[in-house]
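The values are calculated or read from the model by the stated rules, or taken from the named source; none is laboratory data. Only a predicted model underlies this, so the values are computations on that prediction, with no experimental measurement involved. No Cβ is skipped: glycine too gets one built from the backbone with ideal geometry, and neighbour counts run over all protein chains shown.
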Amino acid sequence: MAADKTPLKLPKENLGVEDFLPLLGTDYVELYVGNAKQAAHYYRSAWGFQPLAYAGLETGLKDRVSYVLQQDKIKLVLTSPLKSGGDINKHIDAHGDGVKVIALWVDDARQSYIETVNRGAESYMEPRVRKDAEGEVVLSGIHTYGETVHVFVERKNYKGVFMPGFRNWDPLYKPSDLGLKYIDHMVGNVGWNEMDKWCQFYAKVMGFSQLVSFDDKDISTEYTALMSKVMSNGNGRIKFPINEPAEGRKKSQIEEYIEFYNGAGVQHMALATDNIIETVGSLKARGVEFLTVPSSYYEDVLDRVGKIDEDLAPLRELGILIDRDEEGYLLQIFTKPILDRPTMFIEIIQRKGAKSFGKGNFKALFEAIEREQESRGTL
């Protein structure tokens, strides 16, 4: 694996160009974890991710090991340190397992870096080229909230398994996939009064626009509240809701997250499916635990959302929530935290035309989260 680390000059003449950061989609999400081998087993066994690529001692890496898993368009990279000390260890010590990299697929990683750094982004990685016999991948990166980073990935000249430095990973154990298709959105939790700062960052630095906002009147219960704004890139393929705490009688889920994560970070990934009943049924059968809402939720839900294609009985049995907007409706459900710290969880979502985020479900969802917080003694 060869890397070109020639310093880049940053021309300033193109700052006003519209759509200055065209994004093709989410390339991968990298989590720093305490034990990548065991985490990879979990995401294969419970979630149906398929083994794709591996890098470690056998490929010449001395300080870390990474397993790459894929399900349709979703790629997860699970990375653990091989030695004590170092940045990965510090990240895990501070945050527990968590998302470090949200990698974005681009046509030109050099230009993506120039455009974002010129607009005020802090550099994480100057453009570098990784090469092997299968071609080359260009990478660059910038910092965002907390210790989360965006890496721009240009892979148009690469035909290998993942990227240079990785080899094919093809173990015998391959549980079937569960119908997960792509990352619908990824949610970041930030500290008190930091939501607007980071929304402005995505607007100014990356050209995103605000899709929708929710205040503490929308997202509140008797005890807790939060604020949220959803930022989206031009083609709508990348959507980042940003949450901050709001004043409430007790500690909100955002405050709990920030306390245990030790700062801002990715709260959850929303993974899309075309058949949420089959997907969630299979996930439950494999041991994934979801938040539950009272059965009374379903007594008047169809009065609120109108006619849907699905029978209500399996949705009620699985605890799947329903909401509608002007474009259609959606079905969604949220896991309990998938880590020992009450930090990251996963949402499963099926869109039947709706482009919103389930505003009508917020109260039932947050009351379910509060019940979990109370059981942990952190409400």
Within region 61-87, restricting to residues that are surrounded by fewer than 19 Cβ atoms within 10 Å (Cβ to Cβ) and among the aliphatic types (A, V, I, L, M), the one that is farthest from E136 (Cα to Cα) is L82
How many residues of region 319-366 are over 17 Å from the mean Cα position of the chain (by Cα), closer than 15 Å to S282 by Cα and surrounded by fewer than 21 Cβ atoms within 10 Å (Cβ to Cβ)? The answer is 1
Margin query: Being farther than 22 Å from L226 by Cα and either assigned by TED's automatic domain parsing to the domain that holds T148 or exposed (fewer than 15 other Cβ atoms within 10 Å of the Cβ) (or both): is that true of R304 here?
Written below: yes
Of the residues in region 225-284, those that are closer than 18 Å to G146 by Cβ and acidic (D, E) come to E244, E255, E256, E259
| task | Answer yes or no as to whether L315 is more than 23 Å from the chain's Cα centre (by Cα) and buried (at least 18 other Cβ atoms within 10 Å of the Cβ). | result | yes
| query | Is it the case that region 192-204 has a residue that's modelled with pLDDT under 95 and touching a helix residue (DSSP H, G or I) at 6+ places or on another chain (Cβ under 9 Å)? | reply | yes
Of the residues in region 27-43, those that are within 19 Å of the chain's Cα centre (by Cα) and of a type outside the set (A, V, I, L, M) number 7
Going through (1) of a type outside the set (S, T, Y); (2) within 30 Å of N118 (Cβ to Cβ); (3) over 15 Å from the mean Cα position of the chain (by Cα); (4) modelled with pLDDT of 95 or more one by one, L283 fails only at (2)
For region 224-243 the number of residues that are among the charged types (D, E, K, R) and assigned to a strand (DSSP E or B) is 2
Counted residues in region 92-123 being surrounded by fewer than 18 Cβ atoms within 10 Å (Cβ to Cβ) and under 18 Å from G146 (Cβ atoms) come to 5
